[in-house]
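What follows is one structure encoded as structure tokens, with my remarks underneath.
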Amino acid sequence: MKVLFVGGTGKISSAVTALAVEKGFELYLLNRGVTDRPVPAGAKVIKGDMNDPASVKAALGDLKFDAVVNWIAFTEEHIERDIELFRDRTNQYIFISSASAYQSPPVNLPVTESTPLDNPYWQYSRDKAACEDRLTRAYKEEKFPFTVVRPSHTYDKTMLPFQGGWTVVDRMRKGKKILVHGDGSSLWVFTHHTDFAKGFVGLLGNNRAIGEAFHITSDELLTWNQLHEIAGRAAGAPPLNIVHVPSDLINAFDPAWGAGLLGDKAASMVFDNTKIKRLSPEFMCTVPYAQGAQEMVEWYDADPSRRVVDEEFNALTDRIIAAYERVWPKS
């Protein structure tokens, strides 16, 4: 099977690239050739910039594919460009959307692929939903063969899963106060990118996936308190000094951070993975978050240059906590 990945070396896509090569796909990567992650032997790299469609057409020549996956499409304009570029080049176009596009907060749990796309808080999510709408129209109007995949907080060893990244771990190790939104009891799902890959490759070239949407997530449910505590243990930190702060207050101080909370992380999210398991029988998540947290801490500790402390985020955290404790002091 001949497959083209637009991108293919990012946090999520790098694991899919490695697994696709391992499974014998004839894999092409179209990107600018700038990456910190090695390209696996066997993948063919085509240098091109999607912001210059004419150059991409020239770089691809007369190549055609069983499937094309764009890992870096975010707006309806990107989809218009891709429809034009790949209309006659592929039997399947896979768009990477986001589970944050689902109704927020969800009226019903677990979330299924038929849950409405309705996120009034986060522009990123609304843009992803608009992309899906455009692909649906293209399918109805010209049978453009699309598939939608909606990841939810998929990570690799380089991506600490909370706002502030390494700065939060540094605070943990120093015994400083840690900010956790809400009361820390809402449920969340983290998915290791190697687990995500096992579900994703089953969709490549799969006729049953045409015109359909799928989320691919772990079935492990943890609270935000647990997620921070597990990361703290992996880092060898003392018992955490967690301060619970309403998401609305965080949003008042930092609307970008707040949008990701109010539009995604503040509400419990539980996903029904029946649909992806039906089409990808090999999909099974085997990397628990505790193992993933250990991988992340070890990666950061392996190189001091990775352990960058963001003093602006430190100061923001302290201001938010101080504002909250003025109104709601600890008893």
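Basic (K, R) and out of contact with any Asp or Glu (no Cβ under 8 Å at 6 or more places or on another chain) - does that describe any residue in the stretch 183-204?
Filtering the stretch 183-204 down to residues basic (K, R) leaves 198.
This time we only want the ones that are out of contact with any Asp or Glu (no Cβ under 8 Å at 6 or more places or on another chain), so: none.
No: zero hits.
Could you check, for the stretch 309-321, whether at least one of its residues is within 17 Å of the chain's Cα centre (by Cα), of a type in the set (D, E, K, R) and either crowded, with 17+ Cβ neighbours inside 10 Å or not in a helix (DSSP H, G or I) (or both)? No, there is no match, as no residue in the stretch 309-321 is within 17 Å of the chain's Cα centre (by Cα), of a type in the set (D, E, K, R) and either crowded, with 17+ Cβ neighbours inside 10 Å or not in a helix (DSSP H, G or I) (or both). Counting only residues that are out of contact with any His (no Cβ under 9 Å at 6 or more places or on another chain), over 18 Å from Y155 (Cα atoms) and crowded, with 18+ Cβ neighbours inside 10 Å, the stretch 219-242 holds 1 of them. Looking only at the stretch 16-40, how many residues end up being touching a strand residue (DSSP E or B) at 6+ places or on another chain (Cβ under 8 Å) and under 17 Å from L204 (Cβ atoms)? Residues that pass the stated criteria total 10. The residues in the stretch 286-319 that are of a type outside the set (S, T, Y) and in contact with a strand residue (DSSP E or B) (Cβ under 7 Å, 6 or more places away or on another chain) can be counted, and the count is 2.
Laboratory data are not the source of any read-out in this text; all were calculated from the coordinates shown. What you are looking at is a predicted structure, and each value in this text was computed from that prediction instead of being measured. For neighbour counting, all protein chains shown are included, and Cβ atoms are generated from backbone atoms with ideal geometry for every residue, glycine included.
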